[in-house]
1. Between His217 and Asp138, what is the label-to-label distance in nm when each label sits 7 Å out along the Cα-to-Cβ direction?
2. Which of the lysines could be linked to Lys316 by a straight reach, that is with a Cα gap under 16 Å, when you skip same-chain ones fewer than 8 residues away?
3. Starting from segment 60-163, pick out the trypsin sites (Lys or Arg not before Pro) whose DSSP state is loop and whose Cβ has at most 12 other Cβ atoms within 10 Å.
4. Taking H as built 1.01 Å from N, whose amide H comes closer than 5 Å to the amide H of Arg114, not counting residues under 5 places away?
5. Amide H to amide H under 5 Å from Phe98: which residues, 5+ apart in sequence or cross-chain, H placed 1.01 Å off N in plane?
6. Using per-residue counts of other Cβ atoms within 10 Å, averaged over each peptide, order 244-256, 271-283 from highest down.
7. Hand me the chymotrypsin sites (Phe, Trp or Tyr not before Pro) from segment 80-109 located in a DSSP loop with no more than 15 other Cβ atoms within 10 Å, in residue order please.
8. May I ask which residue of Val276, Ile164, Ala202 lies farthest towards the positive end of the charge dipole of segment 123-281, with charges of +1 (Lys, Arg) and -1 (Asp, Glu) on Cβ and the Cα centre as origin?
Amino acid sequence: MLTRLSELTRRIRWFGLLSLILQAGLVLTVCAAVTVSNYLPQALFHGQYVERWSDSTRVIQITMVPPKNIPGWRPGVTTLVQRAFNEWQTVLQGRIRFAYTYDPTKTDVTVRWRNQSKGMEIGNQSFRSTDKIFTDMDLEIAMNDPHGHAFSDAALYYIALHEIGHLLGIKGHSTDPRDIMYASIQPNVPRLSARDIATVRALYQQPANITNPPGIHLMAYREYEYYSNLGNSAFQSKNFQDALEYYGKALRYFPSDKDTIYRVGTSAYNLHMWDVAAANLQVVASTPSRYRNDAQFYLGNALMAAGATAIKNGDKNGGLQKLAAAKRQFDLVQQQPQSSMVQKQQAALCVAQIGKIYSQFH
Ligand SMILES: [Zn+2]
């Protein structure tokens, strides 16, 4: 991160208006590097439905059934699986807790071990759910590979982490081998990756079942969700043109949704449609919502690029006005305690840059 920042500082010199637009792109790259992405589209049921534990579950009661006559079994295995449950519990920040019970009437999850993996499957779960809310689940973990060799503690810990990921509602697999939720075992991945963490948190931010917000008809909300998910997939694969279209459709069903307006703004930003980006980001930047801070930062960048473009096209006054508006956003970003260090540093660089352009024109 530090190397990239100093490299950026070196590159931020005044080479004319065109390079300014390029630099706006660079700012985005640096920002994207600190915003951890997730693989939620792959994690959803049928690629679009959230199926997870209910918010009212809070505590998932686990029963571990001690195995009988399984070669390779050792007493430490139970502790190891508990440690894996703890790792997920920690990143869920209190949304879901795990407790252990021997009372079958209180059990939500039963953990069992089996001798060997069936084919290539080293663990599996079977679950029951009502209205896309889990009611109870069985988890089975193999102790030995298909050749009968006992899995090491490290391998078992990995398997447990992966299966618990599914247990929490991550349906599919990540396509990145650095994630625990990658489809095949990666013994070099010792713990949850930042993307695993971002995915499970995103999953538990989604409504547990389809519930429509006040004022939005359920049918409309389902349509909104459908297009919004398509938009998110397109955005994640950097297909910003499609993302913009899907988000536009989603907004027809839920026009006040700040998340989608923010995504319209960032999609337009990536397409270098500076004015469209600025208009949408302005909406999010001026009212409280979870993306307000980021919206202010991107709005500054969009206004800066819009101003530079206007000046380049001969509209000096219009351009300078946009640069002044950009400076106001960057000042805001620098003043707010919620802004990240990188955002503050970037904002300071941009303010200095705007100052230089001003001095050229006055
Ligand atoms: Zn899996």
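The values are calculated or read from the model by the stated rules, or taken from the named source; none is laboratory data. Quick caveat, the model's predicted, so the values are computed rather than measured. Backbone-built Cβ (ideal geometry, glycine too); neighbour counts: all protein chains shown. What goes into the accessible areas is simple: the full protein's heavy atoms, side chains included, and nothing from ligands, DNA or RNA. Shrake-Rupley method; radii C 1.70, N 1.55, O 1.52, S 1.80 Å.
1. 4.4
2. Lys356
3. Numbers: sites: Lys68, Arg83, Arg95, Arg97, Lys106, Arg112, Arg114, Lys118, Arg128, Lys132; in loops: Lys68, Arg95, Lys132.
Listed in order of number, the matching sites are Lys68.
4. Amide H neighbours of Arg114: Ile141, Ala142, Met143.
5. Answer set, sorted by chain and number: Ile60.
6. 271-283, 244-256
7. On the way: sites: Phe85, Trp88, Phe98, Tyr100, Tyr102; in loops: Tyr102.
Filter output for segment 80-109: Tyr102.
8. Of the listed residues, the answer is Val276.
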